[in-house]
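Undergrad: Input: one structure, supplied below.
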Amino acid sequence: MGEPIVKIVGVTKRFGAVEAVANVDLEIARGELFALLGGSGCGKTTLLRLLAGFERPDRGRILIDGQDMTGVPPHLRPINMMFQSYALFPHLDVAGNVAYGLKREGVARPEIATRVAEALALVKLDGLGTRRPSQLSGGQRQRVALARALVKRPKLLLLDEPLAALDRKLREDTRFELVRLQEQLGVTFVIVTHDQPEAMSMASRLAVMNAGRIVQTGTPHELYERPATRFVAGFIGIANILQTAPGRWLALRPEKIALSADRPATERAIAGTVVEVGYEGDRSLYRIALADGSTMRVAQTNVARARESAFKRGDNVWLGWSDDAGQVLHE
């Protein structure tokens, strides 16, 4: 990891009896796109609000660019935040929304005009400065909010579920736009999301949170291939969890299991029966019932010219995998 721009040291935040963030330590490198990933109520949004200064920790310190920001109010931090709702002013046009923060800071009008034009060009909204938010599509409103956040040239940009309000196709397109912008500008992005594919496809590194704690941090590849816990293995993608000994489990990804009609030439083989088939175009996802009453999921790539899955419900099959296919888990 490069030079950290963010250091969170032993931060805890309670709301009454609820410990929303529990003794979190985290470093975020300068210039990276970092994701906080977790389910509802895991503490990721509270941690983002602590970074932004909208909440104060009960214990611990938050350093940004080497400066202790623990008690510094939001408007004095070198950050900006893009909210899930976008929070655009309906009575202002696009240019007015983007310029709002600069006007509050007393920036000279000529510089405001230049920076607003640059920001709108950056997010590909040239020529739309005079439109009102109500005249824009959801994707365009999202880009106005992004331009407003970037125009102040923050060292750190915080994005709270930035793609949640967009439809599926637009979300997929916008992922790549955000990555492109982040790489072009070199600004550190911290994104909060509950969407695993979103985090995996965008982030250079991510932290998985559960019950107010960070349970694992790493690159998308590291978290998918080498999950440390049963929670991470099950939360990142799909995993079959097999108990191999007391307190010891093995995580097997569906695509690492071979499915065949005959017993494979490996000792790692189990017989089962197909109970569900999900055709997903490039692959089929099978649920296989085993003799002990448990089930396993297997993903098999479909041949380009095949019109149907290779196996059907009720077929007796063998599942096989290599010795190095699984990841050992200890909790």
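Undergrad: Here's a check for you: in region 167-203, which residue that is in contact with a helix residue (DSSP H, G or I) (Cβ under 9 Å, 6 or more places away or on another chain) and farther than 27 Å from Val232 by Cβ is modelled with the lowest pLDDT?
TA: The selected residue is Asp167.
Undergrad: Sticking with this one: If I ask for residues that are among the small types (Gly, Ala, Ser), assigned to a loop (DSSP other than H, G, I, E, B) and either outside the structural domain of Trp321 (by TED's automatic domain parsing) or farther than 23 Å from Gln243 by Cβ (or both), which ones from region 276-297 would you list?
TA: Of region 276-297, the ones among the small types (Gly, Ala, Ser) are 278, 281, 284, 289, 291, 293-294.
Subsequent filtering for residues that are assigned to a loop (DSSP other than H, G, I, E, B) retains 281, 291, 293-294.
The answer is Gly281, and nothing else.
Undergrad: Anything in region 151-166 that is of a type in the set (A, V, I, L, M) and modelled with pLDDT of 85 or more? List them, or say none.
TA: Residues of region 151-166 that are of a type in the set (A, V, I, L, M), as a first pass: 151, 156-159, 163-166.
Of everything in region 151-166, those that are of a type in the set (A, V, I, L, M) and modelled with pLDDT of 85 or more turn out to be Leu156, Leu157, Leu158, Leu159.
Undergrad: I'm trying to understand the selection: among the residues of region 99-112, which are surrounded by 11 or more Cβ atoms within 10 Å (Cβ to Cβ), in contact (Cβ under 8 Å) with a residue 12 or more places away in the chain and not hydroxyl-bearing (Ser, Thr, Tyr)? Can you show your working first?
TA: Within region 99-112, the first condition is being surrounded by 11 or more Cβ atoms within 10 Å (Cβ to Cβ), and the residues that meet it are 99-103, 107, 112.
Subsequent filtering for residues that are in contact (Cβ under 8 Å) with a residue 12 or more places away in the chain retains 99-102, 112.
Ala99, Gly101, Leu102, Ile112, listed by residue number.
Undergrad: I would also like to ask the following. Every residue in region 72-112 that is of a type in the set (A, V, I, L, M, F, W, C), over 11 Å from Ala52 (Cβ atoms) and in contact with a helix residue (DSSP H, G or I) (Cβ under 8 Å, 6 or more places away or on another chain), please.
TA: We begin by selecting, within region 72-112, every residue of a type in the set (A, V, I, L, M, F, W, C); these are 72, 76, 79, 81-83, 87-89, 92, 94-95, 98-99, 102, 107-108, 112.
From what's left, over 11 Å from Ala52 (Cβ atoms): 76, 87-89, 92, 94-95, 98-99, 102, 107-108, 112.
Within region 72-112, Ala87, Leu88, Phe89, Leu92, Val94, Ala95, Val98, Ala99, Leu102, Val107, Ile112 meet the criteria.
Undergrad: Regarding Ile5, is this residue buried (at least 20 other Cβ atoms within 10 Å of the Cβ) and over 20 Å from Leu146 (Cα atoms)?
TA: Details: buried (at least 20 other Cβ atoms within 10 Å of the Cβ): yes; over 20 Å from Leu146 (Cα atoms): yes.
Against the criterion (buried (at least 20 other Cβ atoms within 10 Å of the Cβ) and over 20 Å from Leu146 (Cα atoms)), Ile5 qualifies.
Undergrad: Continuing with the same structure: Quick one: count up the residues across region 215-225 that are under 13 Å from Phe235 (Cα atoms), in contact with a strand residue (DSSP E or B) (Cβ under 8 Å, 6 or more places away or on another chain) and of a type outside the set (Asp, Glu). Walk me through how you get there before you give the answer.
TA: From region 215-225, those under 13 Å from Phe235 (Cα atoms) are 215-216, 220, 223-225; that's our starting set.
Okay, now just the ones that are also in contact with a strand residue (DSSP E or B) (Cβ under 8 Å, 6 or more places away or on another chain), so 215-216, 220, 223, 225.
Going one step further and asking which of them are of a type outside the set (Asp, Glu), we end up with 215-216, 220, 223.
Selection size over region 215-225: 4.
The values are calculated or read from the model by the stated rules, or taken from the named source; none is laboratory data. No experiment lies behind these values; they were computed from the predicted model shown. Cβ: placed from backbone, ideal geometry, glycine included. Neighbour counts: every protein chain shown.
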